[in-house]
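Novice: Before anything else, here's the structure in question.
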There are 2 protein chains.
Amino acid sequence: MTERPAPSLPQAGDNEPIVLVVDDDPSVRRALTNLFESVGLKVAAFGSAQEILQSKPPEVPSCLVLDIRLPGLSGLDLQADLAKANIHTPIIFITGHGDIPMTVRAMKSGAVDFLTKPVRDQDMLDAVQAAIERDRKRREIEKTVSNVRSRFESLTPRERDVLSLVASGKMNKHVAAELGLAEITVKIYRGQIMRKMGAKSLAELVKMNEALGIQPPKRDDQT
Amino acid sequence: MTERPAPSLPQAGDNEPIVLVVDDDPSVRRALTNLFESVGLKVAAFGSAQEILQSKPPEVPSCLVLDIRLPGLSGLDLQADLAKANIHTPIIFITGHGDIPMTVRAMKSGAVDFLTKPVRDQDMLDAVQAAIERDRKRREIEKTVSNVRSRFESLTPRERDVLSLVASGKMNKHVAAELGLAEITVKIYRGQIMRKMGAKSLAELVKMNEALGIQPPKRDDQT
DNA sequence: GGGCGAGCTATACCTAGGTTTGTCCCGTAG
DNA sequence: CTACGGGACAAACCTAGGTATAGCTCGCCC
């Protein structure tokens, strides 16, 4: 099967997960490809960080298996670049001679696992399993949030003003006072907001607004 | 241990953070204690995992500095025990001869950092700073959540039934139908719920209910 | 200039939410 | 037995939320 950088990545309507392997050693690529395919996982293999950066990110649950030592951009550099590009595919590192600071850096930046060569097949499969599961959940959340966000984009500035006050629990009359409006105006905007956001109740609206507010489930603490 | 008046921290009550050091080597304990006190941090030092398990967990923002190699319970064991005991004080590991799997395990279990000897003072201080900050945030969240939870405990079973339906956005009449009640009864419960929960609006109630539902910010998240 | 959308308001009307007061049943703790 | 808390309900009453219809000003684009 394909093991070369010409991968048929994302097929629309297809939800089958894929493992992206990046290693400069062809024999490692082949071995990993075989391993993942033996359990029915799709695989795309790359020889360098640059190669995978040029391909477009997959639209299905996926994970990266990355040698930390790569020609050109290292695995850690690639991790940082992906984060900067807002691509959050979970990463599993493999290394022959890594050290602890490297490991800590990778894990703090969100790696799922960090395996040392020789890697036991089962360990690798477990890690990939966990990573894909994580990505699946992340994508699910991302999907609903971006849905809400796009609805929010359709609101006029004034409607947004009203939304934030309404979602904070203020009464129409207080919203009106705060924005210098008549109460009736607030009521009308409110109705428009409910329609545009597709909320069937105030409770739903509040939850949507929460989802918008708590945007970055990013983890990394003090940057 | 040593309690010197903190230099310039004007805090009411006792909110001063503390660093808990666990190392079997007295000279290391002394060195770390001096280091932390030199920047105005309180310190308590222990010679073994058992010792610290017997002391009561601090009520102020704090963190653990833990040698991974300890007599009796190892640092990793202690980490696991604390997690089991629902104590989530952030942990910084130090090690002389750790390996990568150990590091990965510790980080996956939520350690803030994993430093190798010889530890540079600044690295240690940075890590402690970050860990304490993390604990401060965790405590803040924990405080408000447990506040909400205790209010929730004061609700009668029936009030809880009504709460969950109301918070999901259902109208009084629908709640009534679903629970086999008269609408007026739901209204009355609803009022009682608002009073007991201390919510001034439906929006607040919804948020409180969300906070109750999303209970465990377990380590390992990171979506 | 005319059309358009955003923003704002009013009148009128209806529904949903919420409190008060008072009543009743039931089980249990004192 | 009595007191008490939980649960349930009703009538009356008031406030808040929400829709429809209609009308106004502005600024913008063609």
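Novice: Within the range B:98-151, track down each residue that is of a type in the set (S, T, N, Q) and under 15 Å from B:Gln79 (Cα atoms).
Specialist: B:Thr103, B:Ser109, listed by residue number.
Novice: Do we find that B:Leu179 is surrounded by 16 or more Cβ atoms within 10 Å (Cβ to Cβ), touching a residue at least 12 places away in the same chain (Cβ under 8 Å) and more than 9 Å from chain A (Cβ to nearest Cβ) in this structure?
Specialist: When the stated conditions are applied, B:Leu179 does not pass them.
Novice: Oh, and also: Going through the range A:152-211 one residue at a time, which ones are within 12 Å of DNA strand C (Cβ to nearest atom) and within 16 Å of B:Ala167 (Cα to Cα)?
Specialist: Result: A:Gly169, A:Lys200, A:Ser201, A:Leu202, A:Ala203.
Novice: Follow-up. Name every residue in the range A:195-207 that is within 11 Å of chain B (Cβ to nearest Cβ) and either more than 12 Å from DNA strand D (Cβ to nearest atom) or surrounded by fewer than 18 Cβ atoms within 10 Å (Cβ to Cβ) (or both), in order of residue number.
Specialist: A:Lys200, A:Ser201, A:Glu204, A:Lys207
Novice: Collect the residues in the range A:157-174 that are away from every other protein chain (no Cβ under 11 Å), closer than 11 Å to A:Arg190 by Cα and within 12 Å of DNA strand D (Cβ to nearest atom), keeping them in residue-number order.
Specialist: Listed by number, the residues that qualify are A:Val162, A:Leu163, A:Asn172.
Novice: Within the range B:100-113, track down each residue that is free of Cβ contacts under 8 Å to residues at least 40 places away in the same chain and within 8 Å of chain A (Cβ to nearest Cβ).
Specialist: Passing the criteria: B:Ile100, B:Pro101, B:Thr103, B:Val104, B:Met107, B:Asp113.
Novice: Just name the residue that is farthest from the other protein chains (Cβ to nearest Cβ) out of those in the range B:126-156 that are surrounded by fewer than 17 Cβ atoms within 10 Å (Cβ to Cβ) and of a type in the set (A, V, I, L, M, F, W, C).
Specialist: Top of the filtered list is B:Val145.
Novice: Here is a further query. Within the range B:198-205, is even one residue in contact with a Lys or Arg (Cβ under 7 Å, 6 or more places away or on another chain) and either at pLDDT below 95 or assigned to a helix (DSSP H, G or I) (or both)?
Specialist: yes
The values are calculated or read from the model by the stated rules, or taken from the named source; none is laboratory data. Remember, predicted model here, so these are calculated numbers, not experimental data. Because the Cβ atoms are built from the backbone with ideal geometry, glycine has one as well, and the counts that use them run over all protein chains shown.
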